[in-house]
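The values are calculated or read from the model by the stated rules, or taken from the named source; none is laboratory data. Every value quoted in this text rests on a predicted model; they were computed, and no experiment measured them. Cβ atoms come from the backbone with ideal geometry, glycine included; neighbour counts cover every protein chain shown. Heavy atoms of the whole protein, side chains included, go into the accessibility calculation; ligands, DNA and RNA do not. Shrake-Rupley method; radii C 1.70, N 1.55, O 1.52, S 1.80 Å.
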Amino acid sequence: MKSKIILSIFIFFVITIMVLFVNCGSSEEEVVPNKAPTCAITNPANNAAIELGTTVQIAISATDVDGSVSNVKISIDDVSTTTLQSSPYTYDWNTSGVTPGQHNIKAVATDNGGLSATGQIVVTVTADAPTVTTADITEITGTTATSGGNATDDGGISITARGVVWGASSGPTLESNAGFTEDGTGTGAFTSSITNLTAATTYYVKAYATNSEGTAYGEEKSFITAGLPTVVNGEASDITHESAICAVEITNDGGTEVTARGLVWKTAGGTPPTLEDNVGFTTEGSGTGTFTSTMTSLENNTNYAVRAYATNSAGTAYGETKYFYTLEGPAAVTTLDITNIDAHIATGSGEVTDFGGSFSLDGVGIVWGTSPNPDLANNDGFYLLYPFSPDSENPFEALLSGLKPDTKYYVRAFATNDYGNVYGDEKTFTTRAFTVQTGNFTDARDNTKYSTITISGQTWMAENLAFLPEVCPSNTDCGYWVYDYQGADVSEAKATTNFTTYGVLYNWEIASTSCPTGWHLPTRDEWSIFEMNLGMPYMDAYGGSMQRGTDEGGKLKEAGTANWAAPNEGATNISKFTALPGGLRSVDKTFSEIGASAYFWTSSEYSGAADAYRKYISNNSAIIYSGAYWNIHGFSVRCLQD
């Protein structure tokens, strides 16, 4: 029993102890696990673009809810940059020298319990190409020039190359060009030499600068390389047996200074003379402008080739090659008597007595004037025959024309060779007074009576031919027309005032055979003789111009405005030819120009059967016009006695 009691007490005691133990443990504080801190990069923003060279503040937000943040470590591209022990957690990142592109920024915050948190972003560092300007183009020659540039900004990255690039087309680049320079590195001004250029060519130039971001170009500038000078040389002059002069003009220096100029010559044949291949040359200073240069020590009677030259930085340019013969000696000529003297013309003659050693003379002739000692520079006229050789007719004759009536003239024969002009002794004569013999003639075909004039041996009808065997309207090609008459009755046509006053209009074929027996349609040459007998110079009477003389047309025209329309310019009719303005029947088969124009056929054809020469006189001019017209025109006719 006692043992049971003891056992019960023991069990009670044990239970009591256990209860007490349990109650004691439930009264202690419960242990809580440590929490990690937070970490975030608040600046810059993720994927931000940062310009190279700027300083960016990296800001970190780091907190710990159950303790404290011990430190924050910042790394860029896994390279530690700083460890921050206290807030604010910021770091100033200077991007100078940073390689442009993407960079990883990472922040790690660690708390007092040793736990950590990470914030991470990606940013892009950006850079620019350089900035460069192009310098002006200077010191331009035919093959070189100077330029350059100024690299004012490297764009944040070192400039690794700079220079200029050029080409013959706009927009040269380092990939497409005619040439480029390499003129160092870095920023700042630089000078570039442009070489291997072609003369007289337009080039385009740009400065460039290169960094790792690429190549930038300055503004484009253009220039033209210097060309060769422009050289103009005249013919050789003042030629003697041993010297000659040549006039030269340097009209353009080609864009750069002419440093040498002059003449260069050699005997003719083969290649033209050059400064490397010649028998002589002159030096006549520098620059543009005109100058004369004398060739000396020449051989007589020798054919030379000469040309001017001018040299600049682009090279040497030459003028046109001119050829000349040095002279042997003067010719000799004698003036013979003047014959066939008339009012406006005469015949002069001379004889060459010495050719001066020349194979032939350049020309001979007669020169005349109203003052003594006329020559080829001062005269009232001259007649030239050329060339003149020992086989030419000698003595020679020359026609003196354009003379004034009742006037004393001085005459000399002349001869021209390489030596120059020589003159014979002087002769004088006086022209006759201008006279006109009048008369009349009756055409046996129709008993029409015509007034006539005789001047210097030529007898002309002084009225328009009026022979009319038939007539037709202007729109019919019978070859006989009366101005404004549109019928076919000869008697009616002859009754018109226009027939009575102006006669008949003929086509050329009819006109050629319309003159009565003993008379003919005058040739073009016979008209020219007539014109010279009125005072027209030979060169006008036989020249190629349509407009002839000065007042000879006025000498032919009926004076006043009874039949001519005003103003009937210069009409004097001192020839008594009494030209009347009969108008014409034109190719369009109409009548026109009566009162204003006188047309006269000649018998001379022009280059074929379709055209013939005619003479034309206008109410508005005192000259005579000469030219060819279609032979289907209807013109007036003046017959010339055989």
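Taking trypsin sites (Lys or Arg not before Pro) as exposed when DSSP calls them loop and at most 13 other C-beta atoms lie within 10 angstrom, the chain has its longest site-free stretch at 36-444.
A cut-off of 5 Å between modelled amide H atoms, ignoring neighbours fewer than 5 places along the same chain, links Gly365 with Leu385, Phe414. Give me log10 I(q)/I(0) at q = 0.12, 0.18, 0.19 Å⁻¹ for region 153-214, Debye formula, one equal scatterer per alpha-carbon, no solvent. For the requested q values the scattering log ratios are -0.31, -0.64, -0.70.
For region 264-349, what is the relative contact order in percent, using Cα pairs closer than 8 Å and at least 6 residues apart in sequence? Could you put the intermediate results ahead of the total?
Details: 114 pairs, mean separation 20.0, N = 86.
Reported relative contact order: 23 percent.
Taking the C-alpha atoms only, the angle from helix 2-25 to the longest principal axis of the chain is near 30 degrees.
How high is the relative contact order of region 450-521, given as a whole-number percent (alpha carbon pairs under 8 Å, six or more residues apart)? Intermediate values should be presented prior to the final figure.
Details: 102 pairs, mean separation 17.7, N = 72.
Averaging sequence separation for qualifying contacts and normalising by length gives 25 percent for region 450-521.
In this rough spin-label picture, where each label sits 7 Å from Cα along the Cβ direction, the Glu320-Gln120 distance is 8.8 nm. On the principal axes of its alpha-carbon atoms, the chain has extents of 212, 79, 37 Å, going from largest to smallest. Panel values: region 463-536, Kirkwood radius from alpha carbon pairs, Stokes-Einstein at 10 °C and 1.306 mPa s, translational diffusion coefficient 117 µm²/s. In terms of its alpha-carbon gyration tensor, region 337-489 comes out prolate; a/c meets the 1.5 threshold, and the first ratio a/b outweighs b/c. Which is farthest toward the positive dipole end of the chain among Thr428, Thr90, Gly583, measuring Cα position about the Cα centre, with Cβ charges +1 (Lys, Arg) and -1 (Asp, Glu)? The residue sitting farthest along the positive end of the dipole is Thr90. In terms of distances greater than 26 angstrom between alpha carbons, the cross-link table entries Lys555/Lys615; Lys494/Lys557; Lys494/Lys589; Lys449/Lys589 yield Lys449/Lys589. Residues Glu276, Glu257, Glu605, ordered by accessible area of protein heavy atoms at a 1.4 angstrom probe radius and largest first, appear as Glu276, Glu257, Glu605.
Tell me the mean residue ellipticity at 222 nm calculated for the chain from its helices only (DSSP H runs of n ≥ 4, each -39500 (n - 2.57), averaged over every residue, nearest 500).
Numbers: 7 runs with 58 residues, N = 642.
Taken over the chain, the calculation gives -2500 deg cm²/dmol.
Rounded, prolate or oblate for region 580-619? Axes are the square roots of the Cα gyration tensor eigenvalues, ordered a ≥ b ≥ c, and the cut-off for rounded is a/c under 1.5. Could the numbers behind the result be given before it?
On the way: a/c = 3.45, a/b = 1.55, b/c = 2.23.
Oblate shape, in that a/c is at least 1.5 and b/c is the bigger or equal ratio.
Mind pulling the angle between the C-alpha long axis of helix 524-533 and the longest principal axis of the chain? Nearest 10 degrees, somewhere in 0 to 90. Roughly 70 degrees between the two axes. Taking a straight line from the alpha carbon of Lys106, these lysines sit under 19 Å away, with near neighbours fewer than eight places off in the same chain left out: Lys73. Note on region 210-260: Kirkwood radius taken over Cα pairs, Stokes-Einstein applied at 25 °C and 0.890 mPa s, translational D equal to 158 µm² s⁻¹. Kirkwood radius, region 394-463, all distinct C-alpha pairs, inverse of mean reciprocal distance: 16.1 Å. The lysines whose alpha-carbon is closer than 23 Å to the alpha-carbon of Lys206, local same-chain residues fewer than 8 away aside, are Lys221. Averaging the sequence gap over all C-alpha pairs within less than 8 Å and six or more residues apart, then dividing by the number of residues, gives region 409-500 a relative contact order of 14 percent. Only protein heavy atoms count here; on that basis, with a 1.4 Å probe, Cys246 has an accessible area of about 0 Å².
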